[in-house]
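A.B. asks: The structure follows.
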Amino acid sequence: MCGRNALFATQEDLEKHLEAEVVTDGGYVPRYNIAPGEQLDVITNRAADEIDQYHWGLLPSWADDPGEGIINARSETAAEKRAFRDAWDSRPCLVLSSGFYEWQTRDSGPKQPYRIYREDAPAFAMAGLWEVWEGEESAIPCVTILTTEPNDLMQPIHDRMPVVLPDGAEETWLTAGSDERADMCQPYPDGDLKAYEISTHVNSPDNDGPSVIEPLGHEQSGLGDFTSG
């Protein structure tokens, strides 16, 4: 799954890399610890040249009460699920990231958080679906992040990972038909991602600064014990 995100590239780098302009009310604010229920920076197929912010947690249009929403959707079954079916057919989006966080379950002690990122890019796009939930007094643009099976890097950390799109595939994701998009929902090549342990400082969304991404002091944190061979 993907339960925490970050986006702290400069606005200039972000707009250049994604070929889109920030249109968010209040402007772009770098974030190091974005939690479900907060705002994610997205590019939708409705406005492929704009970076806007949507509520993290998809709210099905038929829901009576908005609630918190659904933060992740399994790409393998999204087309079949009532909550995602319409969005899968016609509302793909890009969820922008400078790296996401995942927690590894261990035999003893608390879960260990990791930061997973791309060393070669200031930001990248994860595959998502968007919706607009309409209530009597308000409308809420919202988004969920699609997940897939883990690659070799992610497997010892968690049994799911977000669908990370390769550079150059962003436009295809926004314009392709549902069958082609289904074929794109593959584990990202593990050689292009990096992972390292971070402190439990990330556990609280109130901690939202550069200290969140500081490594514990030993890069890769023994992941080679799981992935060698």
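The values are calculated or read from the model by the stated rules, or taken from the named source; none is laboratory data. All figures in this text were calculated on a predicted structure; none of them were measured in a lab. Neighbour counts are summed over all protein chains in view; Cβ atoms, including those assigned to glycine, are modelled from backbone coordinates with ideal geometry. Surface accessibility is based on the protein's heavy atoms, side chains included, excluding ligands, DNA and RNA. Shrake-Rupley method; radii C 1.70, N 1.55, O 1.52, S 1.80 Å.
A.B. asks: Examine segment 29-51 for a residue that is of a type in the set (Asp, Glu), open to solvent by 50 Å² or more (accessible area, probe 1.4 Å), out of contact with any Gly (no Cβ under 6 Å at 6 or more places or on another chain) and not in a loop (DSSP other than H, G, I, E, B), and state whether such a residue exists.
C.D. replies: yes
A.B. asks: While we're here: What pairs can you find where one residue is in segment 175-199 and closer than 16 Å to Tyr117 by Cβ and hydrophobic (A, V, I, L, M, F, W, C), the other is open to solvent by 70 Å² or more (accessible area, probe 1.4 Å) and part of a loop (DSSP other than H, G, I, E, B), and their Cβ atoms are less than 9 Å apart, with a gap of 6+ or different chains?
C.D. replies: Leu193/Glu119; Ile198/Glu214; Ile198/Leu216
A.B. asks: If a residue must be over 18 Å from the mean Cα position of the chain (by Cα) and either surrounded by 16 or more Cβ atoms within 10 Å (Cβ to Cβ) or among the small types (Gly, Ala, Ser) (or both), how many such residues does segment 73-92 contain?
C.D. replies: Selection size over segment 73-92: 3.
A.B. asks: Still on this model: Given (1) in contact (Cβ under 8 Å) with a residue 40 or more places away in the chain; (2) more than 13 Å from the chain's Cα centre (by Cα); (3) closer than 20 Å to Ala176 by Cβ, identify the lone condition not met by Glu50.
C.D. replies: Going through (1) in contact (Cβ under 8 Å) with a residue 40 or more places away in the chain; (2) more than 13 Å from the chain's Cα centre (by Cα); (3) closer than 20 Å to Ala176 by Cβ one by one, Glu50 breaks only (1).
A.B. asks: Starting from residues that are part of a loop (DSSP other than H, G, I, E, B) and modelled with pLDDT of 95 or more, keep the ones in segment 84-117 and report whichever is nearest to His201 (Cα to Cα).
C.D. replies: Here the residue is Ser98.
A.B. asks: Now for a different question. Of the conditions (1) open to solvent by 20 Å² or more (accessible area, probe 1.4 Å); (2) under 19 Å from Val42 (Cα atoms); (3) among the hydroxyl-bearing types (Ser, Thr, Tyr), Ser138 fails just one. Which one is it?
C.D. replies: (2)
A.B. asks: So Ala48 clears everything in (1) under 20 Å from Ala169 (Cβ atoms); (2) modelled with pLDDT under 95; (3) out of contact with any strand residue (DSSP E or B) (no Cβ under 8 Å at 6 or more places or on another chain) except one condition, right? Which one?
C.D. replies: (2) is the only condition that Ala48 fails.
A.B. asks: Which numbered condition trips up Ile157, out of (1) over 20 Å from Glu38 (Cα atoms); (2) open to solvent by 20 Å² or more (accessible area, probe 1.4 Å); (3) touching a residue at least 40 places away in the same chain (Cβ under 8 Å)?
C.D. replies: In the conditions (1) over 20 Å from Glu38 (Cα atoms); (2) open to solvent by 20 Å² or more (accessible area, probe 1.4 Å); (3) touching a residue at least 40 places away in the same chain (Cβ under 8 Å), Ile157 misses (2) alone.
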